[in-house]
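Contents: one structure, followed by commentary.
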Amino acid sequence: MKIDKKLIEELKNYLDEFGLTEIEYQDGNKKIKVGKNLVSNTNITAHKPGLTKAKEEESGTKVSSPIIGTAYLAPEPGGKKFVEVGQKIKKGQTVMIVEAMKTMNHVPSTADGEIKKILVQDGQAVEFGQTLVLLK
């Protein structure tokens, strides 16, 4: 099997461009996984004042990204946002779209509630499992 250095370099560039730690590509039987190690300073931040407040702000029902892609808060550029902070929503209601490979994937609310906080910006790259919205 010949190693496609150009493809690996392109995948590496996607890691930096979209702020990812890992990306996987598959074409037939060929599968390439590229990742980078990040040094976590979790132990350092665990002792900083104000961490308790940050944890309190993150409490609530989390709506997470089902895939890696780009998050959009409205159905079209300049359009009305799907949800706003303080808005009451129903389970299954679309909170945003995550685009992956030119496919628009609607992200539904996992529960009834009120939008407490929107944790991503319009057009921001998101990873699988990343919390997008917090509900009260």
Task: 3J(HN,Hα) from dihedral phi, the range 67-72, Karplus parametrisation 6.51/-1.76/1.60, rounded to Hz, x for glycine, proline - done: 8, 7, x, 10, 8, 10
Task: Amide H within-cut-off set for Asn105, under 5 Å, with H built and near neighbours excluded - done: Val98, Glu99, Ala100
Task: Long pairs among Lys2/Lys102; Lys30/Lys90; Lys33/Lys80; Lys30/Lys91; Lys31/Lys91, criterion Cα-Cα beyond 32 Å - done: Lys30/Lys90; Lys33/Lys80; Lys30/Lys91; Lys31/Lys91
Task: 5 angstrom amide H check on Phe128, placed H, neighbours 5+ away - done: Ile68
Task: Simple spin-label estimate for Glu99 and Lys33 in nanometres, 7 Å along Cα-Cβ - done: 2.9 nm
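Each value in this text was obtained by applying a stated rule to the coordinates, not by laboratory testing. This structure is a prediction, so every number in the text was calculated from the model and none was measured. Reconstructed Cβ throughout: ideal geometry from the backbone, glycine too, with neighbour counts over all protein chains shown.
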